[in-house]
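So the structure is just underneath, and the comments pick up after that.
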Amino acid sequence: MTTTAGPFAGTARLTARRRELELSSLADRPSVDLLVIGGGVTGAGVALDAAARGLCVALVESRDLAFGTSRWSSKLVHGGLRYLASGRIGVARESAVERGVLMTRTAPHLVRPLPQLVPLLDGLFRPGQAALVRAGFHAGDALRLSAGTPGGLLPRVRRVGADRARVLVPGLRGAGLSGALVAHDGQLVDDARLVVALARTAAQYGATVLTRVRAEEVTGTGARLVDTLTGASFSLNARAVVNATGVWAGEVDPSIRLRPSRGTHLVVDAAALGRPLAALTVPVPGSTSRFVFALPQQLGRVAIGLTDEDAPGPVPDEPQPSEAEVDFLLDTVNGALETALTRADVRGAYAGLRPLIDTGDGATADISRQHAVLESPNGVITVVGGKLTTYRRMAEDAVDTAVRLRELSARACWTARLPLVGAPGHRGSRPVPEGEVAASLLARHGGAAGEVLAVGEELLGAGYGAPVADGIDVSRAEIAYALTHEGALDVEDVLHRRTRIGLVAADTERARAAVEGITAKVSV
Ligand SMILES: Cc1cc2nc3c(=O)[nH]c(=O)nc-3n(C[C@H](O)[C@H](O)[C@H](O)COP(=O)(O)OP(=O)(O)OC[C@H]3O[C@@H](n4cnc5c(N)ncnc54)[C@H](O)[C@@H]3O)c2cc1C
């Protein structure tokens, strides 16, 4: 049986060298308790859950950590409010509980409370709709309370006047504004960083985490693993196999039939909405339950989303927004703005695919909110659907299923008490006194911020703390750290998944030369 002992035992460092050594050690003794396929939030969560229970785990990701849907989300850590509206109380409560776990124990450094503002504007709501929203927010408060999340962390819903509303969202239309409802939810600084933190923590607990390794010929007892960097391959035996490949699940296990739906976001400068402090929530005209959100993000941006478009056919590597989606999002958000946004304001756009199960006869079953754990006739265990917020619960259910079906010997799940890399209580985390490092560095790295700077100073010398390019709030030290600790293998990994500079093409081009220079200098 392969174990991940040796030079990397107990460390959360992911590097090219570690990948190379662990891949060759796995090829030499190709047997594990659990093979996890897919390095999105679900697969990384499964690997952590299983490794922390003492199982021997290998996770393979064909491209990079967070390459798929996990980096295209709205980055919200939901309290489950929207599921209440459709009467799915169990799903709503599960979300609220998992939100509390993330915000108080496992990743409080990556999740912040986000005020969500619903403007009370003449003509924006249909009669009675604002009252429904208010009732929903109060129900959300009740959910938060029942999940045990303190009001100090997520304040309860309140009504504010028009002046305060325009402090929170300065770009709001003034005419006809009588005030706003303000509720709170959780927001990730970056969805991809949650995935990387999960994968690194899993590696620390002994999981072998391998990017650029594709699983082929997958069965319930193993797969052929292909190193996409060299083309070399070998067969791995596993007592259980978990397929966590999201919208690609049907390619790995043909008994699963998915029919994805696309969700698109636009990226605009925060300045275009007056640098909002809250997420603006605008109802979609003609719908009682759909909203478009303008969500403040890191790096001085706002993400405006989202759509829900049928996306049949082959699953693309990177889904592309349609022109009609761009128009729909701009038109909807403009209904609440003083100065309308135009296409010239759009600095970038991105789309992700939700997995819907195809039930045949043209119908789909929506599992994009509630997850499913399915065992196929050949024994592959697929975990699909759900959301970022509930990844931990999905992982627990998938590993429980593997343990039960394959009679694996494992302790009970304890990930609800397991702080991720950078969280308070994680063994590598060091408290950083407020004001001592840049707030953005702290928001992305938490208790690992000191380590990031130390790595930068050692490897880059003078200027390690400077921005990677003018006006881009990511330090040169973070670029180095992505390569020395976070498993980035090349410039694209750094630009698109360890940082989110890649969300705006113009920024990518401005930062590219510096990222290439640091990548060439830092060899691991
Ligand atoms: C537009 C949109 C917005 C969303 N917003 C939110 C939100 O705000 N909050 C929230 O909680 N949830 C949100 N969600 C849901 C959430 O993003 C997804 O549920 C979650 O990211 C799915 O993660 P995953 O790991 O299952 O799939 P993915 O992230 O897609 O990971 C699957 C991985 O498998 C890999 N892979 C595929 N085939 C193979 C193979 N043969 N071998 C090895 N690896 C392979 C892929 O490269 C990929 O990296 C949103 C979803 C969408 C679509």
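The values are calculated or read from the model by the stated rules, or taken from the named source; none is laboratory data. The structure displayed is predicted, hence computed values, not measured ones. Neighbour counts are summed over all protein chains in view; Cβ atoms, including those assigned to glycine, are modelled from backbone coordinates with ideal geometry. Accessible surface areas use protein heavy atoms only, side chains included; no ligands, DNA or RNA. Shrake-Rupley method; radii C 1.70, N 1.55, O 1.52, S 1.80 Å.
Overview of values
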{"read-out": "Separation of the Ala271 and Ala135 label points, Cα + 7 Å toward Cβ, nm", "value": "4.4"}
{"read-out": "Interchain or long-range residues, amide H under 5 Å from Val292's placed H", "value": "Val282, Val284"}
{"read-out": "Sparse-neighbour loop sites [trypsin sites (Lys or Arg not before Pro); the range 470-503; at most 10 other C-beta within 10 Å; DSSP]", "value": "none"}
{"read-out": "Whole-Hz couplings from phi, Karplus 6.51/-1.76/1.60, listed for the range 118-125; x for Gly and Pro", "value": "10, x, 8, 10, 3, x, 7, 9"}
{"read-out": "Heavy-atom surface of the chain, accessible at 1.4 Å and reported per residue (Å²)", "value": "38"}
{"read-out": "Most to least packed among 186-198, 12-24, 317-329, 63-75 [average Cβ atoms within 10 Å]", "value": "186-198, 63-75, 12-24, 317-329"}
{"read-out": "Spin-label model distance (nm) - Thr219 vs Glu492, 7 Å beyond Cα toward Cβ", "value": "3.3"}
{"read-out": "Where the Cα pairs of the range 229-354 fall when distances are cut into 5 Å bins, in %", "value": "2, 9, 17, 17, 14, 11, 9, 7, 6, 4, 3, 1, 0"}
{"read-out": "For Arg301, distant residues with modelled amide H under 5 Å away", "value": "Ala270"}
{"read-out": "Between helix 16-28 and the chain: long-axis angle, C-alpha atoms, 0 to 90°, nearest 10", "value": "50"}
{"read-out": "Potential extension, Val167-Glu436 segment - 0.36 nm per residue separation minus Cα distance", "value": "94.0 nm"}
{"read-out": "Distance-filtered residues of the range 212-228 - backbone nitrogen under 20 Å, label point 7 angstrom along Arg29 Cα→Cβ", "value": "222-223, 225"}
{"read-out": "Residues listed by number, the range 386-421, amide nitrogen under 18 Å from Glu375 label point at 7 Å toward C-beta", "value": "395-410"}
{"read-out": "Trypsin sites (Lys or Arg not before Pro) within the range 408-452: DSSP coil, no more than 11 neighbouring Cβ in 10 Å", "value": "Arg411, Arg427"}
{"read-out": "Cα principal axis extents for the chain, largest first, Å", "value": "70, 61, 42"}
{"read-out": "Within the accessible area of the chain (1.4 Å probe), percent carbon and sulfur", "value": "53"}
{"read-out": "Extension reserve of the Ser255-Thr230 stretch, reckoned as 0.36 nm per residue once the Cα distance is removed", "value": "6.0 nm"}
{"read-out": "Average silhouette area of the range 1-115, convex hull of alpha-carbon atoms, in square nanometres", "value": "9.1"}
